[in-house]
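Peer 1: Sharing a structure here in structure tokens format.
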Amino acid sequence: MILMALIDELQKIVGEDWVTNRPEELIIYSKDMTENEPCKPDVVVMPKSAEEVQKIVILANEKKIPITPYVAGANVGGLAIPTKGGILIDLKRMDQILEVDESNMYAVIEPGVTFGLLKKLLDDEYPQLRYSYPLAPPYTSVVCNALLSGLGNLSVRYGSMSDMVSGLEVVLPTGEVTKIGVCAVSPYWIGKHPLPDLMGLFINWQGTTGIVTKMGINLWPKPPIVKNAVILTMGGPEDIYTSLIFKLVHLQVCDEIAGGLFHYEMSRGMLPVDDIKGMITAIVKVDDMENRSFFLTQLTVSANDDKELKQKFKLINKLVNETNKNEGRQLFLFKTDDLADIGKKIDNFMELPSQIPSLYDIRAGGGLTWVGSYVPLNRWLEGCQRGLKVMEKYGWVPGVLHRPMKTGHYSVMRFFIPLNKSDPEELKKARKMCEEIVDIVLDIGGFPYKVPTWAAKKAFEKTDPNFVGLMKKIKNLLDPNGIMNPGRLIF
Ligand SMILES: Cc1cc2nc3c(=O)[nH]c(=O)nc-3n(C[C@H](O)[C@H](O)[C@H](O)COP(=O)(O)OP(=O)(O)OC[C@H]3O[C@@H](n4cnc5c(N)ncnc54)[C@H](O)[C@@H]3O)c2cc1C
């Protein structure tokens, strides 16, 4: 189909103002913050409703034109770069929170709803409810995050955000619109059980099997008291990951346990480093902070009353003291309430996703990439130490995040790699480094999450061929013309 005719058809669907092929706009959609190769779409369209999405998909399927769904493009893996051109569907205008069911604790939202929007509504109008917020910019999509198995500040309790999906409405690549889960038969978006679980046809498929136009998400009770604390060590991750982390997770008193290894200078713009420096120099008595790394773990604890809170912190304190005593560690536990102004600033920072700083490169070029993965908790330390050695070998300042998930059934290991995007040599070097780290992830029994295409090739080569064969069959069945986000995963 000639481009002008396509634009004309798209304008008939969404209106003139919501279709563009202006080069200065296409370029924005052609790349993200990572080292992944840019590629421009031919045209960008911004629908307002599921009906409009459906009409666009029917048109694209008939004419065999590639489609890439998109909200903020902030997945840090090149997953919304339209590698085969075609139509990029930007879903930002579909930003309605359609329903909040207080008693059944779920919300039904459109794909353009951001973490910022959701949190504002819940905090203002449903303060007794909360969602799990990632350490991500507030303008990113709640739906995309759940579709990519994101992780947030309730993940240690409840698991990945994909475990919190309680219903879907999807436009299939051939144009049918279908509901998935109990919402397919009832007005309530309460979950997927006991129907056959078809959510798995859309979660972690990176938009290659359909476009989600509505999602039900579990909300969770928010107890009246929520307090933060920090466990800090100037030693490495081994101070925590030998025995403490398992005991801490199994105590089940924390809503959130997450943190990582940060280098002071490299954390500028990412953490409130000057406040942390103040805290560290005052309490830990270290004076050459600028050249040091520190391993910091944030804890969030909630309670129904002061007595419960006190008891929970007593248990945590006891664990930390025992670890110091029995293993000769130097771990410091601070409640932010005890740190006056510095504590308030740290609380502010932890109030996700309000002031999420960038992890982008602070030197130049504003780039960021990472190897994020889910790994067995008992292999985390080994993977972390091997990955950090690789980062050092390539001359990167070592940085890694950790977050035990779902009471320790698995864990996040994410190496973060700020990039100077204006230096092509650095981009090549970063890719080689990431490849080596992905090998380590696979070697310790984990799998990269939000898997970029280059890593998918590596990872699926090591995957049971019958599993990969089944994926291909499902893809062909749902998307016979291969129009949906081509180039992703193994497609
Ligand atoms: C600095 C930084 C920190 C971050 N920290 C975290 C973190 O702590 N935890 C975490 O989980 N994430 C984190 N992220 C990642 C990011 O926030 C999430 O992955 C994000 O929510 C994805 O939203 P998006 O709007 O950017 O999606 P996009 O990048 O636009 O899309 C993501 C993928 O979904 C597909 N897609 C888009 N819309 C649809 C649809 N409606 N139906 C089907 N497929 C669709 C796209 O084609 C693409 O493959 C971080 C990102 C940054 C930049």
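A short reminder: the numbers here are calculations on the coordinates, not readings from a lab. Computed from a prediction, not measured in an experiment: that's the story for all the values here. Heads up, the Cβs are rebuilt from the backbone with ideal geometry, glycines too, and the neighbour counts pull from every protein chain shown.
Peer 1: Between the helical axis of 3-14 and the dominant principal axis of the chain, each derived from Cα atoms, what acute angle in degrees is found, rounded to the nearest 10?
Peer 2: 70
Peer 1: Grab the DSSP H runs of the chain that are 4 residues or longer, score each as -39,500 (n - 2.57), total them, divide by all residues and round the 222 nm result to the nearest 500 deg cm²/dmol.
Peer 2: Mean residue ellipticity, 222 nm, calculated: -10000 deg cm²/dmol.
Peer 1: Ok, one more. Dividing the Cα radius of gyration by the Kirkwood radius, what Rg/Rh value follows for segment 110-221?
Peer 2: Reported Rg/Rh, Kirkwood definition of Rh: 0.95.
Peer 1: Which lysines, on any chain, are close to LYS310 with Cα under 28 Å apart, when same-chain ones fewer than 8 places away are left out?
Peer 2: Straight-distance partners of LYS310: LYS119, LYS222, LYS227, LYS247, LYS277, LYS285, LYS318, LYS325, LYS335, LYS344, LYS345, LYS406.
Peer 1: Based on the alpha carbon coordinates of segment 367-451, what radius of gyration and maximum Cα-Cα distance (Dmax) apply, in Å?
Peer 2: For segment 367-451, the Cα radius of gyration and maximum Cα-Cα distance read 12.6, 41 Å.
Peer 1: Also: Can you run the Rg to Rh ratio on the chain? Use alpha carbon positions and the Kirkwood inverse-distance Rh. Let's see the in-between values first.
Peer 2: Values: Rg = 22.9 Å, Rh = 23.6 Å.
Using Cα coordinates only, the ratio equals 0.97.
Peer 1: What are the ³J(HN,Hα) couplings of segment 380-395, residue after residue, when phi is run through the Karplus curve with 6.51, -1.76, 1.60 and θ = phi - 60°? Round to Hz, x for glycine and proline.
Peer 2: 3J(HN,Hα) across segment 380-395, in whole Hz: 4, 4, 4, x, 4, 5, 5, x, 5, 5, 4, 4, 5, 4, 8, x.
Peer 1: Using mean Cβ contacts within 10 Å as the protection proxy, how do 423-432, 368-377 order, highest first?
Peer 2: On the way: 423-432: 15.1, 368-377: 22.8.
Ranking the peptides 423-432, 368-377 by packing returns 368-377, 423-432.
Peer 1: Below 9 angstrom from the Cβ of GLU256, what's the summed charge of the other residues (Lys, Arg +1; Asp, Glu -1)? Don't skip to the end; give the middle numbers.
Peer 2: On the way: positive: ARG157, ARG403; negative: ASP255.
Charge balance in the 9 Å sphere: +1.
Peer 1: Just how far, in whole angstrom, is segment 195-236 from segment 455-491 if you go by their alpha carbon centroids?
Peer 2: That distance is 24 Å.
Peer 1: Applying a 10 Å radius around every beta-carbon, put 391-399, 197-205, 77-85 in order of their mean neighbour count, most first.
Peer 2: Per-residue mean Cβ counts within 10 Å order the peptides as 77-85, 197-205, 391-399.
Peer 1: Just need the Rg to Rh number for segment 225-350, please, alpha carbons only, Kirkwood Rh.
Peer 2: 0.95
Peer 1: A further question on this structure: For the charge dipole of the chain, defined by +1 on Lys and Arg C-beta atoms and -1 on Asp and Glu C-beta atoms about the Cα centroid, which residue among THR242, PRO424, VAL438 has the Cα displaced farthest towards the positive pole?
Peer 2: THR242
Peer 1: In terms of modelled amide H atoms, which long-range or inter-chain residues lie less than 5 Å from the amide H of SER141?
Peer 2: When sequence neighbours closer than 5 places are left aside, the close amide H contacts are ALA72.
Peer 1: Taking the Cβ of each residue in THR174, THR213, THR300 as the centre, tally the other Cβ atoms inside 10 Å and list the residues starting with the fewest. The partial results should precede the final answer.
Peer 2: Numbers: THR174 16, THR213 23, THR300 20.
Listing THR174, THR213, THR300 from fewest to most nearby Cβ atoms yields THR174, THR300, THR213.
Peer 1: Relative contact order, percent, of segment 97-221 when contacts are C-alpha pairs under 8 Å separated by at least 6 residues? Before the final figure, lay out each step's value.
Peer 2: Numbers: 244 pairs, mean separation 37.4, N = 125.
Answer for segment 97-221 is 30 percent.
Peer 1: Here's something else I'd like to know. Residue by residue, what Karplus-based ³J(HN,Hα) values in Hz, rounded to whole numbers, does segment 23-39 have, using 6.51, -1.76 and 1.60 with θ = phi - 60° and x for Gly and Pro?
Peer 2: Here the 3J(HN,Hα) series is x, 5, 8, 4, 5, 4, 7, 7, 8, 10, 7, 8, 7, 5, 3, x, 7 Hz.
Peer 1: Given a cut-off of under 8 Å on Cα pairs at least six residues apart, what relative contact order in percent is computed for segment 3-90?
Peer 2: Values: 141 pairs, mean separation 28.9, N = 88.
So the answer I get is 33 percent.
Peer 1: Using only alpha carbon pairs under 8 Å that are at least six residues apart, calculate the relative contact order of the chain and give it in whole percent.
Peer 2: Working: 1020 pairs, mean separation 83.5, N = 491.
For the chain, the relative contact order is 17 percent.
Peer 1: Can you grab the distance from the C-alpha centre of segment 361-434 to the C-alpha centre of segment 77-102, Å, no decimals?
Peer 2: Here the two parts' Cα centres lie 27 Å apart.
Peer 1: Could you pull the Rg and Dmax for segment 293-340, using just the Cα atoms, both in Å?
Peer 2: For segment 293-340, the Cα radius of gyration and maximum Cα-Cα distance read 12.2, 36 Å.
Peer 1: Along each of its three principal axes, how wide is the spread of alpha-carbon positions in segment 3-90, in whole angstrom units, largest first?
Peer 2: Computed over the Cα atoms, the extents are 36, 24, 23 Å.
Peer 1: Through the Karplus equation 6.51 cos²θ - 1.76 cosθ + 1.60, θ set to phi - 60°, convert the phi angles of segment 189-195 into ³J(HN,Hα) values in whole Hz; use x for Gly and Pro.
Peer 2: Each residue's phi maps through the Karplus curve to give 9, 9, x, 10, 7, x, 6 Hz.
Peer 1: Specify the angular offset, from 0 to 90 degrees and rounded to the nearest 10, of the alpha carbon long axis of helix 115-125 from the longest principal axis of the alpha carbons in the chain.
Peer 2: The angle comes out at about 70 degrees.
Peer 1: Let me ask another. When ranked by the protection proxy of mean other Cβ atoms within 10 Å per residue, highest first, what sequence do the peptides 251-262, 114-125 form? Please list the in-between numbers first.
Peer 2: Numbers: 251-262: 21.2, 114-125: 17.3.
Answer by packing, highest mean first, reads 251-262, 114-125.
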